[in-house]
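Peer 1: Would you mind keeping the following structure in view while I ask a few things?
The values are calculated or read from the model by the stated rules, or taken from the named source; none is laboratory data. Just so you know, these numbers come straight off a predicted model, no measurement behind them. Glycine gets a Cβ as well: all are built from the backbone with ideal geometry, and neighbour counts include every protein chain shown. Areas reflect the complete protein model, heavy atoms only, side chains present, ligands, DNA and RNA absent. Shrake-Rupley method; radii C 1.70, N 1.55, O 1.52, S 1.80 Å.
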Amino acid sequence: KYIAAVEYNPFKIICCMGIFTRFKNRHKAPRNFSEEQLETLKTQPRWIRGTINYKGHDFFYHDAQCFYDSYQEIIVDEMYRFITNNPLPVIIDCGANMGVSVLFFATAYPGAKVIAFEPEEEIFEVLQKNKDSYNLTNVVLNKNAVWDSETTLEFFTDHGMGGSVANTFKRQKPAIVKTVRLADFLQTA
């Protein structure tokens, strides 16, 4: 696991990319779910869509294990929490997946504008459902990958949490994804 974060202006933008390492103690009590509910998520078959009630709304997932892992890292461990004096930060989430991070950012920083990118078609659909389910009016979704130029790229995925422009997955035909320049979003924020 690695950390790849870009801070453009600590008062405006936090850009999250890649897979983040767990920083915080995992001994905190889970929030909003019983241990039984969390264990049930861990035992679900892989890559089956479902929903779970979280904070009074349906949260849609494309894979229960991915939801469980994301929930632990992002909600319980609060690995994306940051301190800002700006009541209106702009947060760019590159690789938003199903939206656990988007929901965290939108609710932890209610004055923020959250710009989220997810290039994988099926996962983007789940992300859109979650934005709608929670009525996240401060979130803008983009079905693109971020890159250093506007182009199209081959995109390989494990259909869970991992996606890459390098073929790290066996016997897979890549999807073709459109890219946008991250720099353009940093300049306009």
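Peer 1: Could you count how many residues in the stretch 146-167 are of a type in the set (A, V, I, L, M, F, W, C) and not in a strand (DSSP E or B)?
Peer 2: Selection size over the stretch 146-167: 3.
Peer 1: Restricting to the stretch 108-122, and then to whatever is touching a residue at least 40 places away in the same chain (Cβ under 8 Å) and assigned to a helix (DSSP H, G or I), can you tell me which residue is least open to solvent (accessible area, probe 1.4 Å)?
Peer 2: Within the stretch 108-122, the match that is least open to solvent (accessible area, probe 1.4 Å) is Glu121.
Peer 1: One residue is enough: does the stretch 127-145 have a residue meeting the conditions part of a strand (DSSP E or B), open to solvent by 30 Å² or more (accessible area, probe 1.4 Å) and among the acidic types (Asp, Glu)?
Peer 2: No, every residue in the stretch 127-145 fails to be part of a strand (DSSP E or B), open to solvent by 30 Å² or more (accessible area, probe 1.4 Å) and among the acidic types (Asp, Glu).
Peer 1: Okay, next question. If I go through the stretch 146-166 residue by residue, how many of them are without any contact (Cβ under 8 Å) to a residue 40 or more places away in the chain, closer than 28 Å to Pro89 by Cβ and surrounded by 17 or more Cβ atoms within 10 Å (Cβ to Cβ)? Break it down stepwise before answering.
Peer 2: From the stretch 146-166, those without any contact (Cβ under 8 Å) to a residue 40 or more places away in the chain are 147-158, 164-166; that's our starting set.
Cutting the leftovers down to closer than 28 Å to Pro89 by Cβ gives us 147-150.
Those still in the list that are surrounded by 17 or more Cβ atoms within 10 Å (Cβ to Cβ) too: 147.
Total meeting the criteria: 1.
Peer 1: Please enumerate the residues belonging to the stretch 167-184 that are of a type outside the set (Gly, Ala, Ser), at pLDDT 90 or above and surrounded by 13 or more Cβ atoms within 10 Å (Cβ to Cβ).
Peer 2: Within the stretch 167-184, the subset of a type outside the set (Gly, Ala, Ser) is 167-174, 176-182, 184.
This time we only want the ones that are at pLDDT 90 or above, so: 176-182, 184.
Passing the criteria: Val177, Lys178, Thr179, Val180, Arg181, Leu182.
Peer 1: Let me ask another. Does Gly95 qualify as being touching a residue at least 12 places away in the same chain (Cβ under 8 Å), open to solvent by 20 Å² or more (accessible area, probe 1.4 Å) and under 11 Å from the mean Cα position of the chain (by Cα)? Write out each step before concluding.
Peer 2: Values: touching a residue at least 12 places away in the same chain (Cβ under 8 Å): yes; open to solvent by 20 Å² or more (accessible area, probe 1.4 Å): yes; under 11 Å from the mean Cα position of the chain (by Cα): yes.
Yes; evaluated as a whole, the condition is true for this residue.
Peer 1: Hey, another quick one. Mind listing whichever residues of the stretch 61-90 are open to solvent by 40 Å² or more (accessible area, probe 1.4 Å), of a type outside the set (S, T, N, Q) and over 13 Å from the mean Cα position of the chain (by Cα)?
Peer 2: Once the filter is applied, which keeps residues that are open to solvent by 40 Å² or more (accessible area, probe 1.4 Å), of a type outside the set (S, T, N, Q) and over 13 Å from the mean Cα position of the chain (by Cα), the stretch 61-90 yields Arg81, Ile83, Pro87, Leu88.
Peer 1: Taking only the stretch 47-63 into account, find how many residues are assigned to a loop (DSSP other than H, G, I, E, B) and among the small types (Gly, Ala, Ser).
Peer 2: Result for the stretch 47-63: 1.
Peer 1: Please go through the stretch 33-57 and pick out each residue that is closer than 21 Å to Ala106 by Cβ and loosely packed, with under 14 Cβ neighbours inside 10 Å.
Peer 2: Within the stretch 33-57, Asn53, Lys55, Gly56 qualify.
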